[in-house]
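A.B. asks: This is the structure, below, for whatever I ask next.
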Amino acid sequence: MPAATLDAFLNSYLGQPDELRSAVVATVRQLTQAATKIRNTINQGVLGTAFAGTRGANADGDIQKDLDIFADDIFLDAMRHAPVALYASEELEQPVLLDRKAPLAIAIDPLDGSSNIDTNVSIGTIFSLLPATGAPDGNPAASFLQAGVNQLGAGFFIYGPQLALVLSLGSGTHVFVLSTRLGTFVQAYESRIIPQRTQEFAINAANYRHWDEAVRLYIDDCLEGIEGPREKDFNMRWIASLVADCYRILMRGGVFLYPGDKRKGYRQGRLRLVYEANPIAYLIEQAAGAATDTITRILEIEPESLHQRVPVVFGSAREVARITRYHTEPSAIGERAPLFSRRGLFRA
């Protein structure tokens with residue numbers, strides 16, 4: 001039986017059309033067209049234009065690449081042809097009002113992992129679809145200051161060996177790959193399920209000295225391997241591309257940590273709640289995983305500002321829960337509690 005196309009998937013989701021579902025479908029289709037344009041530019045590498053040159057800083061203080069701006073322009077133009085009221089981007093200080101009467105708001109990181117452009121590592125685009133709520137005070141950011149549980153859908157494109165779309169519209173997390181032969185996205189994986197247990201973690205170990213004690217203890221226990229309290233060997237991964245690390249976890253399990261630390265400007269982490277953490281958390285939860293800020297479920301956090309940063313832990317559910325216990329009740333972890341033997345009550 002041939003694999004389903006993205007169009008067939010979207011038509012099935014549409015079912016009996018209503019305004020919101022029709023808007024979501026139309027917006028996803030526009031996003032795929034824009035992503036294909038971005039992929040074609042990326043494939044040119046240094047031989048093309050708008051590639052790895054550096055500009056100034058964006059609204060949040062991060063250095064911008066030429067491709068960051070190029071990608072933002074492409075997606076913003078695409079959303080002008082979609083039923084989208086408001087467009088919020090990592091590259092823009094304030095949301096852009098597109099169509100006051102449209103039902104959707106989109107928050108987007110147009111080019112995640114742009115620091116990897118020069119090194120030919122997978123990069124991507126992350127997006128979150130929200131109902132446009134409007135605001136009595138006319139604040140265009142108000143639609144984006146709602147908890148992630150209100151998302152109508154979320155996804156990311158990953159520009160790697162294949163152009164893939166990871167998408168959830170509230171019923172599982174699905175993976176589609178662009179078929180150049182067919183000229184359309186084809187479903188490669190249906191309803192991914194992340195294993196609850198894992199022996200693989202992703203973290204930037206160079207920041208070890210800056211971490212809080214709970215994070216250091218968790219990583220120490222993993223690194224001690226089969227001789228340590230976890231009694232199993234772990235592998236460490238770190239790509240420095242959120243979409244690439246998330247895609248790997250969706251494919252084979254694992255846990256990702258980007259905690260806050262003691263460095264100036266890093267106390268609240270570095271990932272943005274609205275257009276990075278929320279859509280990734282939505283995809284992970286729809287794949288039976290979990291996502292927290294080390295303690296609180298990401299999707300329950302109400303944003304206070306458009307570019308708010310947050311610590312992030314996501315992946316295999318039991319491992320995410322264990323990391324929470326390192327922060328909230330370390331004495332209850334069997335291998336660390338003085339009243340328990342090595343095979344304690346909370347043995348993973």
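A.B. asks: Any chance you could count how many residues in region 187-212 are farther than 22 Å from residue 261 by Cα and in a loop (DSSP other than H, G, I, E, B)?
C.D. replies: The qualifying residues number 10.
A.B. asks: Still on this structure, I have one more. Is region 186-207 home to any residue that is open to solvent by 10 Å² or more (accessible area, probe 1.4 Å), of a type outside the set (D, E, K, R), under 15 Å from residue 319 (Cβ atoms) and over 20 Å from the mean Cα position of the chain (by Cα)?
C.D. replies: Checking region 186-207: at least one residue is open to solvent by 10 Å² or more (accessible area, probe 1.4 Å), of a type outside the set (D, E, K, R), under 15 Å from residue 319 (Cβ atoms) and over 20 Å from the mean Cα position of the chain (by Cα).
A.B. asks: Out of the residues in region 96-116 meeting the condition of being farther than 17 Å from residue 23 by Cα and not aliphatic (A, V, I, L, M), tell me which one is surrounded by the fewest Cβ atoms within 10 Å (Cβ to Cβ).
C.D. replies: Here the residue is 115.
A.B. asks: Among the residues of region 231-262, count how many are buried (at least 21 other Cβ atoms within 10 Å of the Cβ) and either part of a strand (DSSP E or B) or at positive phi (or both).
C.D. replies: Qualifying residue count, region 231-262: 5.
A.B. asks: Would you check which residues across region 302-316 are under 17 Å from residue 149 (Cβ atoms) and open to solvent by less than 30 Å² (accessible area, probe 1.4 Å) and list them?
C.D. replies: Hits for region 302-316 are 303, 310, 312, 314.
A.B. asks: Considering only residues of region 117-135 that are more than 19 Å from residue 306 (Cα to Cα) and surrounded by fewer than 16 Cβ atoms within 10 Å (Cβ to Cβ), which is modelled with the highest pLDDT?
C.D. replies: Checked region 117-135; the qualifying residue modelled with the highest pLDDT is 121.
A.B. asks: Could you tell me which residue of region 306-332 is farthest from residue 107 (Cα to Cα), considering only residues that are assigned to a helix (DSSP H, G or I) and polar (S, T, N, Q)?
C.D. replies: Only one residue tops the list, namely 331.
A.B. asks: Another one. Inspect region 53-69 for any residue being farther than 18 Å from residue 186 by Cα, at pLDDT 95 or above, surrounded by 14 or more Cβ atoms within 10 Å (Cβ to Cβ) and in contact with a helix residue (DSSP H, G or I) (Cβ under 8 Å, 6 or more places away or on another chain) and give the result as yes or no.
C.D. replies: From region 53-69, those farther than 18 Å from residue 186 by Cα are 53-69; that's our starting set.
From what's left, at pLDDT 95 or above: none.
There is no residue in region 53-69 that is farther than 18 Å from residue 186 by Cα, at pLDDT 95 or above, surrounded by 14 or more Cβ atoms within 10 Å (Cβ to Cβ) and in contact with a helix residue (DSSP H, G or I) (Cβ under 8 Å, 6 or more places away or on another chain).
A.B. asks: Still on this structure, I have one more. Among 76, 86, which is the only one that is assigned to a strand (DSSP E or B) and either open to solvent by 10 Å² or more (accessible area, probe 1.4 Å) or in contact with a strand residue (DSSP E or B) (Cβ under 7 Å, 6 or more places away or on another chain) (or both)?
C.D. replies: 86
A.B. asks: Just the residues that are surrounded by fewer than 18 Cβ atoms within 10 Å (Cβ to Cβ), in contact (Cβ under 8 Å) with a residue 12 or more places away in the chain and not hydrophobic (A, V, I, L, M, F, W, C), please, taken from region 266-296.
C.D. replies: If the condition is that a residue be surrounded by fewer than 18 Cβ atoms within 10 Å (Cβ to Cβ), in contact (Cβ under 8 Å) with a residue 12 or more places away in the chain and not hydrophobic (A, V, I, L, M, F, W, C), then 266, 268 are the ones that fit.
A.B. asks: For residues that are farther than 21 Å from residue 243 by Cβ and in a helix (DSSP H, G or I), tally how many sit in region 263-305.
C.D. replies: Of the residues in that region, 1 qualify.
The values are calculated or read from the model by the stated rules, or taken from the named source; none is laboratory data. These numbers were taken from a predicted model, which means no experiment stands behind them. Positions of Cβ are generated from backbone atoms using ideal geometry, with glycine treated the same way; all protein chains shown enter the neighbour counts. Protein only, heavy atoms only, side chains kept; ligands, DNA and RNA dropped before computing areas. Shrake-Rupley method; radii C 1.70, N 1.55, O 1.52, S 1.80 Å.
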